[in-house]
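Below: one structure, written as structure tokens.
Throughout, read-outs are computed from the coordinates displayed, never taken from laboratory work. Just so we're clear, the structure is a prediction, and the values are computed from it rather than from any experiment. Using ideal geometry, Cβ is built from the backbone for each residue, glycine included, and neighbour counts are taken over all protein chains shown.
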Amino acid sequence: MRLGCAAYSYRDLLKPGLMSLLEFVDACADMGMDGVELTSYYFPSTHTAYLHDLKRHCFLRGMHILGTAVGSNFTQADATKRAENVAMTKAWIDHSVVLGAPCIRVFAGPIPVDTLEEAAHGWALACLQECVSYAAERGVVVALENHGGVTSTAVQVQKFLDVIESPWFGINLDFGNFRVDPYAEFAQLAPRTVTTHVKVTSRFGDERGPVDYRRVRQVMETAGYRGYLSIEFEEQEDPTVGVPRLAGLLQQILAEPSA
């Protein structure tokens, strides 16, 4: 497994312009990471010239662009809004091709008020099928994150996997987003995981506690996963302090002999 970082980790610096995406790449390179996830929210431009400059910068710093990420919402009751989110996701699939990113992270969406989960799932499924079909033609893997709503549990996520069997569709397994029995849910989804998000903590029933990444490593290796452990830092702590510390811990764990 390799170590990466999502730009979202530095959102409090990127959003107000205190850090650029190029400086984010530099920070990750200086920490000895292998790759970066370039979150769409922080791009100052999607013009081809800027995407090429960013791609070149990553190459010169020895950083793999492990993926892009969008905040899609495919469960909105308004069909026009769902179509807008599909169009936005397709546009970012095209941007991913320009960047050389092999993967794009997407969300399914929350369950709207006064909407049955079955209806929300059906809307999201149709949108995902359209996006996966588009991405497959362009050589980009669509990674669905377990991100609440219709993907709150492994069972809910599995419902999408059972229908969308394309090799261009998989899971962005977020180790901080399950709430009941996280390690069992990690194990259930690990075989279809194509990328991950590393959080410092997660909920375990009614309690919040640190995620055991030695245990996570064992779960993922057992499933044959060899992709990225990508940090998505969400703690209140300054990311310029917290991210390097978490990266150091993960580097130590990955360097240990396999169990």
Rel. contact order, % - alpha carbon contacts under 8 angstrom, at least six apart, the stretch 81-158: 39 percent
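Equivalent-ellipsoid semi-axes (√(5λ), Cα gyration tensor) for the stretch 2-255, whole Å, largest first? Spell out each step's value before the answer.
On the way: eigenvalues 136, 110, 56 Å².
Ellipsoid half-lengths, sorted descending, are 26, 23, 17 Å.
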Fraction of beta bridges assigned by DSSP in the chain that are antiparallel (%, nearest 5): 15 percent
In the chain, lysine pairs closer than 25 Å at Cα, eight or more apart or cross-chain: 9
Selection from 177, 150, 133 lying farthest towards where the dipole of the chain points positive, charges on Cβ: 133
From phi via Karplus (6.51, -1.76, 1.60), per-residue ³J(HN,Hα) for the stretch 108-119 in Hz, x at Gly/Pro: 7, x, x, 8, x, 4, 6, 10, 6, 4, 4, 5
Two-decimal Rg to Rh for the stretch 91-156 - Kirkwood Rh, Cα set: 1.04
For the chain, calculated [θ]222 nm from helices alone, where every DSSP H run of n ≥ 4 adds -39500 (n - 2.57): -14000 deg cm²/dmol
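Below 8 Å, C-alpha to C-alpha, sequence gap of six or more: please give me the relative contact order for the chain in percent.
On the way: 479 pairs, mean separation 48.1, N = 259.
Reported as a whole number, the value is 19 percent.
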Top of 102, 44, 239 by mean-square fluctuation, Gaussian network on the chain, Cα under 10 Å: 44
Gain in span if fully extended, residue 41 to residue 258, counting 0.36 nm per residue against the direct Cα distance: 74.4 nm
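Once the convex hull of the alpha carbons of the stretch 186-259 is built, what does its volume come to per residue, in cubic angstrom? Don't jump to the answer; show the numbers that get you there.
Values: hull volume 7.1 nm³, N = 74.
Spelled out: Cα convex hull of the stretch 186-259, divided by residues, is 96 Å³.
From the square roots a ≥ b ≥ c of the eigenvalues of the alpha-carbon gyration tensor of the stretch 79-198, which class results: rounded (a/c under 1.5), prolate (a/b over b/c), or oblate?
Numbers: a/c = 1.86, a/b = 1.17, b/c = 1.59.
Oblate is the answer for the stretch 79-198, as a/c is 1.5 or above yet b/c matches or exceeds a/b.
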